[in-house]
Structures are given as C-alpha cells and as structure tokens.
Amino acid sequence: MKDLIATSLRYENGQLHVLDQRRLPAEESWHVCGHVDDLVELIQGLAIRGAPLIGIAAALWIGHIAEQGADSRQLTQLIGTLRAARPTAVNLMNYLDRLQHRVNQNSIDESRLGTTISDEAVAIFEEDVKLCSAMSEHGAALVRPNARILTHCNTGSLATAGVGTALGVITTAHHEGKNISVWVDETRPLLQGGRLTSWELEKAGVPYQLICDSAAGSLMAAGEVDIVFVGADRIATNGDFANKVGTYALAVMAKHHAVPFYVVAPVTTVDPHCSSGENIPIEQRDAREVRGVGGSFGECCWAPVNAPVYNPAFDVTPAALVTGWVLDTGVLDQNDVKANALGCV
Ligand code: MRU
C-alpha cells in the first residue's frame with residue numbers, strides 16, 4: 001500500500017503506525033501495529049479512538065495483511081475479530097463490511113485478493129479526508145462572526161483521517177477568519193476534551209477555554225454559548241444519534257436555552273440498519289475509569305476501591321433535540337438523514 005499520513009495514523013514503509021492518544025498531550029508516542037490482538041487492545045484501550053479513525057485503522061491493517069498474502073478465510077476471521085472490538089461506533093462495522101464484501105467477491109479466484117483489499121483500504125482512508133473537508137465547509141457556513149461555540153469530546157484530526165467532524169467545522173470557521181472562540185467540555189471520564197481537543201485547538205491557534213462538563217448549563221443560561229457542534233458514533237435513520245456520554249444532557253440544555261445544536265458526521269456514521277436510537281448498542285466500560293484515573297495520568301483512586309459504578313461510554317440524543325445534521329452532503333433535516341442512509345455502503 002502507498003504511504004498515507006494523518007495526524008494519528010500513518011501507513012509508512014509497509015507498516016501501520018498509530019499515535020497513542022492515551023498519552024496525549026504529555027507525550028507523542030507511536031506504536032507499530034503487529035498482531036491483531038495488539039490492534040484490538042489499542043482500540044479498546046482508546047489509544048486509537050474516534051468513530052471514523054477506529055474503522056480506518058482497522059481497514060488499513062486488513063489491507064496490509066491482505067497485501068502480505070492472507071487468504072480469504074484468514075481475512076474473514078480477522079475482520080470478525082476487529083468488528084467486535086468496540087460496539088457503538090458504526091464506522092468500524094461499515095468499513096469492515098465493505099472489505100468483507102470485496103473478500104467474498106474474490107474468494108473463488110484469489111489471485112487479485114491482496115491488491116483489491118489494499119486498494120479498498122486506501123480508498124477508505126482517502127475518502128474520509130474528503131468527507132471531513134466537505135462536512136467542515138457545510139458546518140462552517142452556519143457559524144456567525146464572533147461566535148462562541150461549545151463542543152464535547154474530541155472530533156478533530158485525531159479522530160479521523162482528515163480535519164475532523166465537529167472540530168473540523170470549528171477549525172475551518174477559524175481559518176475563515178470568523179473570530180470564533182470555543183468552550184471545550186473536558187469530557188469525563190477519559191477527558192478527550194481536556195487532553196485532545198485543547199491540544200488540537202492550541203496547535204491550530206484557536207482561542208478556547210476548557211470547562212468542566214457541568215459548567216455548560218450555566219454558561220448557556222448566561223447567554224455565553226451561541227452554537228453547539230458535536231460528533232457522532234452512530235446515527236439512526238430517524239436522526240437519533242449516539243455520541244460520547246454527556247452529549248444528551250448538552251442537547252437538553254441547548255433546547256432549554258434555545259441554543260442551536262448541530263451534530264456533524266460523515267455518511268459512514270449513519271447506520272442504514274438502525275431505525276432509532278433505542279437500537280444503538282452502548283458500550284459499558286471499566287469501573288476504574290470512574291473511580292479514579294490510571295495509565296499515563298498516574299494511578300489514583302478517589303472513590304472507595306470497590307464503589308459500584310455505572311460507566312456507559314456513550315448516550316443517545318433524540319432527533320427532536322437536534323437543530324440540524326451536518327453531513328458531507330450538506331446540512332440536513334431529519335427526513336434527509338434517512339435518504340442519505342439508504343445510499344450508505
Ligand atoms: O470513546 P471515544 O473517544 O472513541 O468517543 C469518541 C466520540 O464520542 C466522538 O465524539 C465521535 O467518535 C465522533 S469522532 C469524529
């Protein structure tokens with residue numbers, strides 16, 4: 001496969017390198033993806049994270065293995081293993097299903113299997129770059145000069161192959177000279193906002209202030225938030241969507257305070273087989289993430305060591321709370337989402 005470079009993913013000299021997002025912003029360390037179990041562990045541990053990026057990393061790795069000579073039976077098995085790595089972000093399933101389809105088409109005569117699968121993986125990467133740019137331009141058109149934008153989690157170049165989804169809108173509006181500023185939710189419990197979005201905004205020179213998630217409501221009440229942009233991990237055909245836990249509460253508060261609330265995602269995040277938010281599987285994560293912190297933060301447990309914990313990684317925001325869906329095809333209303341989903345994958 002040819003070399004491919006993104007902020008947190010590189011295919012270079014025949015190897016897949018991933019930036020360990022758990023260690024940001026303190027340290028920029030890269031892993032080379034070897035065995036499938038390593039890749040699954042990196043995805044489950046959130047070294048590789050963000051809905052599009054999970055799928056793109058998995059696709060590139062499968063492309064790499066195909067090029068090394070794996071046969072259709074081996075590829076099918078590996079695709080199955082990666083498909084189960086995380087349950088909520090549908091980009092992973094969409095991309096792997098796309099590769100599986102190609103594997104099936106080439107299973108009788110496997111002479112072109114390696115090239116077909118690796119070409120498809122490269123196409124997935126390059127397509128995401130374009131989807132991000134399109135979304136960002138559509139979303140930036142909604143941003144008024146001097147807007148104070150609020151966002152949640154990390155949806156930028158770290159989470160995609162391109163400029164990002166919601167954060168791509170924000171950086172694009174900044175580059176267009178709109179004099180924006182950003183309220184960044186720190187995003188408990190794993191602090192994707194505090195660690196990653198602030199890192200990206202700082203690099204892009206965008207003025208921002210980091211806030212505790214629970215400060216968003218009083219900021220809206222004080223008239224300090226003009227517009228909210230968030231990303232998505234899966235959009236149902238009725239427009240309901242799953243995103244990082246805390247998004248639903250933001251949407252309720254935005255509605256209460258009449259603040260426009262937009263979800264930004266590529267068509268690869270729309271699940272044509274999911275008719276409503278109640279059918280979206282929500283990942284439950286380790287209790288230790290809520291009882292304290294670990295890993296690159298050091299080890300600290302502030303709750304009783306066996307405190308019972310409920311730790312859903314995502315929540316579902318109903319379509320009724322959404323002002324508009326910013327997809328690569330434009331700013332959509334609820335009915336358009338379904339029309340886009342039908343054309344998906
Ligand atoms: O658990 P994470 O960090 O993978 O969750 C990521 C999010 O919820 C993002 O908002 C979403 O994937 C959109 S990324 C462009």
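The values are calculated or read from the model by the stated rules, or taken from the named source; none is laboratory data. Values in this document were obtained by computation on a predicted structure and should not be read as measured data. Here the Cβ positions follow ideal geometry from the backbone for every residue, glycine too, while neighbour counts run over all protein chains shown.
All conditions in (1) assigned by TED's automatic domain parsing to the domain that holds residue 70; (2) within 11 Å of the ligand (Cβ to nearest atom); (3) free of Cβ contacts under 8 Å to residues at least 24 places away in the same chain hold for residue 128, with the sole exception of (3).
Would you call residue 36 away from the ligand (no atom under 14 Å from the Cβ) and surrounded by 15 or more Cβ atoms within 10 Å (Cβ to Cβ)? Against the criterion (away from the ligand (no atom under 14 Å from the Cβ) and surrounded by 15 or more Cβ atoms within 10 Å (Cβ to Cβ)), residue 36 qualifies. Of all residue pairs spaced 6 or more apart or on separate chains, none has beta-carbon atoms under 7 Å together with a first member in the stretch 37-59 that is free of Cβ contacts under 8 Å to residues at least 12 places away in the same chain and a second member that is within 12 Å of the ligand (Cβ to nearest atom) and of a type outside the set (D, E, K, R). Considering (1) near the ligand (Cβ under 10 Å from one of its atoms); (2) farther than 16 Å from residue 184 by Cα; (3) among the basic types (Lys, Arg), the lone condition that residue 255 does not fulfil carries the number (1). Of all residues in the stretch 146-155, at least one satisfies being buried (at least 21 other Cβ atoms within 10 Å of the Cβ) and more than 16 Å from residue 51 (Cβ to Cβ).
Listed here are the helices (runs of 4 or more DSSP H) enclosed by the stretch 43-105 that have at least 2 residues being out of contact with any helix residue (DSSP H, G or I) (no Cβ under 6 Å at 6 or more places or on another chain), closer than 19 Å to residue 16 by Cβ and more than 16 Å from the ligand (Cβ to nearest atom): 51-67, 72-83.
Report whether or not residue 286 is within 16 Å of the ligand (Cβ to nearest atom), closer than 23 Å to residue 189 by Cα, assigned to a loop (DSSP other than H, G, I, E, B) and assigned by TED's automatic domain parsing to the domain that holds residue 155. Yes, satisfied. Residues in the stretch 180-220 that are touching a residue at least 12 places away in the same chain (Cβ under 8 Å), within 14 Å of the ligand (Cβ to nearest atom) and part of a loop (DSSP other than H, G, I, E, B): 186, 187, 188, 189, 190. The residues of the stretch 132-179 that are within 13 Å of the ligand (Cβ to nearest atom) and among the aliphatic types (A, V, I, L, M), listed by number, are 135, 158, 159, 161, 163, 166, 167, 169, 170. For the stretch 323-338, indicate whether the set of residues that are surrounded by 19 or more Cβ atoms within 10 Å (Cβ to Cβ), more than 20 Å from residue 164 (Cβ to Cβ), at pLDDT 95 or above and among the small types (Gly, Ala, Ser) is non-empty. Within the stretch 323-338, not a single residue is surrounded by 19 or more Cβ atoms within 10 Å (Cβ to Cβ), more than 20 Å from residue 164 (Cβ to Cβ), at pLDDT 95 or above and among the small types (Gly, Ala, Ser).
The residue that is nearest to residue 249 (Cα to Cα), counting only those in the stretch 290-316 that are out of contact with any helix residue (DSSP H, G or I) (no Cβ under 8 Å at 6 or more places or on another chain) and at pLDDT below 95, is 293.
Checking the structure you have, find out if any residue of the stretch 7-30 is in contact (Cβ under 8 Å) with a residue 60 or more places away in the chain, in contact with a helix residue (DSSP H, G or I) (Cβ under 9 Å, 6 or more places away or on another chain), small (Gly, Ala, Ser) and within 16 Å of the ligand (Cβ to nearest atom). Among the residues of the stretch 7-30, at least one is in contact (Cβ under 8 Å) with a residue 60 or more places away in the chain, in contact with a helix residue (DSSP H, G or I) (Cβ under 9 Å, 6 or more places away or on another chain), small (Gly, Ala, Ser) and within 16 Å of the ligand (Cβ to nearest atom), which makes the answer yes.
Tell me, yes or no, whether the stretch 94-116 has at least one residue that is in contact with a strand residue (DSSP E or B) (Cβ under 8 Å, 6 or more places away or on another chain) and modelled with pLDDT of 95 or more. No, the stretch 94-116 contains no residue that is in contact with a strand residue (DSSP E or B) (Cβ under 8 Å, 6 or more places away or on another chain) and modelled with pLDDT of 95 or more. With respect to (1) within 16 Å of the ligand (Cβ to nearest atom); (2) assigned to a strand (DSSP E or B), the lone exception for residue 249 is condition (2). Candidates in the stretch 193-220 are the residues that are small (Gly, Ala, Ser) and surrounded by 18 or more Cβ atoms within 10 Å (Cβ to Cβ); of these, the one that is nearest to residue 180 (Cα to Cα) is 198.
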